Every structure is written in structure tokens, then in C-alpha cells.
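What follows is a set of notes on a single structure, which appears directly below.
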Amino acid sequence: MYYDYVMGVISYLILIICVLIGVAFLTLLERKVLGYIQIRRGPNKVGICGLPQPFADAIKLFTKEQVFPTMSNYYPYYLAPVFSLFLSLLVWLSIPYLSVMLTFSLGLLFFLCCTSMGVYTVMIAGWSSNSSYSLLGGLRAVAQTISYEVSLALILLSFVFLAESYGLLSFGYYQEELWFLWITFPLALVWFASCLAETNRTPFDFAEGESELVSGFNIEYSAGGFALIFMAEYASILFMSTLFSILFLGHDIFSILFFCKVVFISFGFIWVRGTLPRFRYDKLMYLAWKCFLPLSLNYLLFLGGMKLLFISLLI
């Protein structure tokens, strides 16, 4: 029994280290891709081709002086970024590792619980700074996240009907012959757009709309606190890319092709940022409640009906 616990802890520590290294190089990939989109070079001064640049940035951010606003609620203000990064790393437990050390059968429910908890860290970070700008940014980010979680949950429920399981491991078995992408292509587009909104990325980055919100809920954070929020956002992007690959593109966690798919979807996040302007806030809410919600509901009813028809034919 102790052996199982020790191996579980060691495997999770290895997982955290790998995710953090992936986050570091995702930031480098973003800066390089955005540089070439804007016809300039990205980071190229530190080391060979700028490869150590993310680690140089991390050292700079964590060695700077941490500033605490006088009027802030100290403990919530200090702990909100820590819990934000903790939740974005905890959600990686739901990914189906074939060693079965960390995999469990309710992975999709665990993912929904962790993303719902992420709303509280944004809300506490915006409130505890005691700044009207951060509070306004936090409220808008929370409203946006909650709105798009509804369509995410309905899309996941559609796939639960198809795969008859909450565990992500079963999605690989059902996609050995045909990817779900080909039969649910509109859902894949809605899922990708909802992931952009869920992770506060362009064109839905109202949490960081500099022109109107002065950087949103994280306006009072600097140095290490800002770095933790930044790392949590990029860990969420990496996780959403992995989940997209599992749900729509089939998966074999030990194949190089799976990681190529994850990198390509992450590149899609960056490509959208370099291409599209920011949405207006009322249009963002209109898109969630009047476009994505009816589409995901219709697909849910359609796939549920098809499943019932298939079962009745078998009987």
C-alpha cells in the first residue's frame, strides 16, 4: 500500500515538472510565432535561438521585489495566485495515463469541478486587491468563464452519450477507426472557441483588456504573483489542447503523433491571438448564450436520440 502511495506521489511530481517545462517552452513558442506573424524576430539574444529565454524571465520575475498594496486583504491577495496555479496543475490528473497510476473513471467530472473552482481564484484575486479596476476586471472575467462553462459542459455530455463513460481512457478505444472530429466538426469549433474564452485568450481576453480595464483582475500583481497567474493561464492552455486532442483527434498517450496534435492545437491558440481583434463584451455574451448554447443543446439532443435509436435497433 505504501509503495502505491509513494509511486503515485513520484509520478505526480514528474507530471508537474513536465507540465511546467511545457509551459515555459509554450511561452517561447508564442513569442516566436507572434514575432514571425508581425514580420520581426522573437527572442533571440539569450543562448542559442533564445531557447533559455523562458527560464531567464522566470528568474527575473521571482527575484523582483513583491509589492503589496496597503489597502489589500493580505492573505487572500497573496494566496489567490498560488491556488490558481495549484488548480491548473491538479486538473492534469484527469488525463488518461496508461500506467493507471493517476487515472480514474470520472475524469470529465473532475475536470468540470476544477474549472469551476478556478472561477473563485479570479474572483478572490480581483476582490482582495481593493482596487475598483481589479474588481471590475474580476467580475467580467467571472461572468465570461461561467457563461462558457455551460456550453463546455453540454459538449462533454454529448461525448458521454457517445462513449458511455466519464473516463477519458475510453475515448481512445472509440476513436481507433474514426476520429470524433469528422462526425462532430461544428462541436469541435464551438469547443475550441469556448476554450479560448475559458482561458481568457484573444479574442476573449477581457481580463487583460489594457485599453479599458488596466490589465483586469491582476492589475495589482507584480513579480512572483503575476508569474504564478501567467503560469496558471498557460498550463490551462496546454491542458485544453490536450483535452481537445483526446476528445476529437483520438489518442495514444505513448505515440509521438499525440504530442504533435497537442502542439498543433496550442499553435492554434497563438495563431488566433496574432490574427483576431478583441470582441466587444456584449457580443461575447451574445455568442455564448444565443449561439453556442443552442448549438450544443441541439447536438446533445441529436446524439442522445441517435444513441437511443442504435440501442433500440440492437435490442
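The numbers here are math on the coordinates, done by the rules we state, and not lab data. Everything numeric here is computed off the predicted structure, so don't read it as measured data. When we count neighbours, we look across all protein chains shown, and the Cβ atoms used for this are built from the backbone with ideal geometry, even at glycine.
A crude spin-label estimate for the pair LYS307 and TYR78, with each label 7 Å from Cα along the Cβ direction, gives 4.7 nm. In the range 235-264, which residues have a backbone nitrogen under 20 Å from the label point lying 7 Å from GLU177's Cα in the Cα-to-Cβ direction? Within reach of a label on GLU177, which here means backbone N under 20 Å from a point 7 Å along Cα→Cβ, the range 235-264 contributes 247-252. Note on LYS32: lysines with a C-alpha under 23 Å away, same-chain residues under 8 apart excluded, are LYS45, LYS60, LYS261.
Roughly how many debye, to the nearest 20, is the charge dipole of the chain about its Cα centre, given +1 on each Lys and Arg Cβ, -1 on each Asp and Glu Cβ, and no other charges? Please report the intermediate quantities before stating the final value.
Values: 16 positive and 17 negative charges, 152 e Å.
Dipole about the Cα centre, nearest 20: 740 debye.
For the range 170-315, the dipole from Cβ point charges (+1 on Lys and Arg, -1 on Asp and Glu) about the Cα centre works out to 360 debye, to the nearest 20. The residue among ALA235, SER128, THR63 whose Cα reaches farthest toward the positive pole of the charge dipole of the chain, with charges on the beta-carbon of Lys, Arg, Asp and Glu, is THR63.
Rounded to the nearest 10 degrees, the inclination of helix 185-198 to the longest alpha-carbon principal axis of the chain is 30 degrees. Multiplying the residue separation of CYS291 and MET1 by 0.36 nm and removing their Cα-Cα distance gives an extension gain of 99.4 nm. When VAL19, VAL119 are sorted by how many other C-beta atoms sit within 10 angstrom of their C-beta, beginning with the fewest, the order is VAL119, VAL19. Of (i) 32, 62, 7, 0; (ii) 30, 59, 11, 0; (iii) 34, 57, 9, 0, which is the value of P(r) over Cα pairs in 20 Å bins from 0, in percent derived from the coordinates here? Correct label, based on the coordinates given: (ii). Centroid-to-centroid, using Cα positions, the range 107-167 and the range 234-279 are 19 Å apart. Modelled spin-label separation between LEU20 and VAL150, with each label point placed 7 Å from Cα along the Cα-to-Cβ direction: 3.8 nm. Rounded to the nearest 10 degrees, the inclination of helix 2-37 to the longest alpha-carbon principal axis of the chain is 70 degrees.
Here the calculated FRET efficiency for ILE48 and SER11, from their Cβ-Cβ distance with R0 = 35 Å, stands at 0.65, rounded to the nearest 0.05.
Between THR70 and ILE39, the C-beta separation translates, for a Förster distance of 51 Å, into a calculated FRET efficiency of about 0.70. Full extension of the segment from SER132 to CYS113, taken as 0.36 nm per residue of separation minus the current Cα-Cα distance, would add 4.0 nm. Against the longest alpha carbon principal axis of the chain, how many degrees, from 0 to 90 and to the nearest 10, is the axis of helix 223-248 turned? Helix 223-248 sits at roughly 20 degrees to that axis.
Provide the FRET efficiency to the nearest 0.05 for the PHE55-LEU90 pair, computing r from the beta carbons and using R0 = 35 Å. Here the calculated transfer efficiency is 0.90. Each of PHE204, TYR281, TRP92 was placed along the dipole of the range 67-314 (beta-carbon charges, centred on the mean Cα), and the one lying farthest toward the positive end is TYR281.
In order along the range 48-59, the phi-based Karplus estimate (6.51 cos²θ - 1.76 cosθ + 1.60, θ = phi - 60°) of 3J(HN,Hα) comes to 7, 6, x, 4, x, 4, x, 6, 5, 5, 5, 4 Hz; Gly and Pro are listed as x.
Grab the DSSP H runs of the chain that are 4 residues or longer, score each as -39,500 (n - 2.57), total them, divide by all residues and round the 222 nm result to the nearest 500 deg cm²/dmol. Before the final figure, lay out the partial values.
Working: 13 runs with 220 residues, N = 315.
Using -39500 (n - 2.57) per qualifying helix, the result is -23500 deg cm²/dmol.
In the chain, taking the dipole from charged Cβ atoms about the Cα centre, the farthest positive-side position among TYR148, LEU15, ILE270 is held by ILE270.
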